[in-house]
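Notes to accompany the following structure.
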Amino acid sequence: KKAAECKDSYLLLIPPDGLDSSKPAPLLVLIHDNDLNPQEAAEYWKSAASKLGMVIVVPKLTALWPPTQHGRPVVVDQPTLTEILEQAVKQAKKIFNIDEGKVVIAGCFQGGDWGVKIASKTPEEFPKAIAITSAVRLERENVETKSAAEFYVLAGKVSQATKAAAESAELLKAAGHKVNFVEVEGMAYEIPQHFTQIMTDALNTVLSKGKD
């Protein structure tokens, strides 16, 4: 099977090439923003994920991103999004043999911001998170300290959001989480060049250790 889509079209599941169903596979949970549909979002990550034997699951979130008067999408609320992602993981586990210690939540831009927020609040369900060129902004009271998660945050040095992302990374570290904060020269809110290599490096970093 190349890909599986649920009947209600709310979920896209993509296994890697040559998947060995006898072995637990890592799972990549993608959060797309208003500019991409699940298929388009998966295309950016598919090559890197396949190299690492990862199953991809992408819930359709377009209805959750109503545009504001400034054209910027906003999410309904974090609990709703968390529940949708948890259901997506459950569905993936019904179809594939998933390694529970290697569930990675990821996204670019706003998707990455929400991924980090959800993983910092529910690290037991989402032990690893990746945010690419995202305006990650965390509040201290929203960071869980009972279970350590691992984060990879990539920000462009020319982006105004870099300071907020760096402060959020320090907040995560102070709470006992593992954080890889990477700054890239000359990049703002855009898909970085050599995206596949960047994602391969990011995924390799967070997958290097299982869930603590």
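Every residue in region 102-115 that is modelled with pLDDT of 90 or more and open to solvent by less than 10 Å² (accessible area, probe 1.4 Å), please.
Applying the first criterion (modelled with pLDDT of 90 or more) to region 102-115 yields 102-106.
Across region 102-115, the qualifying residues are Val103, Val104, Ile105, Ala106.
The single condition among (1) over 21 Å from Ile118 (Cβ atoms); (2) part of a helix (DSSP H, G or I); (3) modelled with pLDDT of 90 or more; (4) not charged (D, E, K, R) that Gln39 does not satisfy is (3). Can Thr162 be described as at pLDDT 80 or above, surrounded by 15 or more Cβ atoms within 10 Å (Cβ to Cβ) and among the polar types (S, T, N, Q)? Here the answer is no, as Thr162 does not meet what is asked.
The values are calculated or read from the model by the stated rules, or taken from the named source; none is laboratory data. Everything numeric in this text was worked out from a predicted model, so none of it was measured. Because the Cβ atoms are built from the backbone with ideal geometry, glycine has one as well, and the counts that use them run over all protein chains shown. The accessibility values were calculated without ligands, DNA or RNA, using every heavy atom of the protein model including side chains. Shrake-Rupley method; radii C 1.70, N 1.55, O 1.52, S 1.80 Å.
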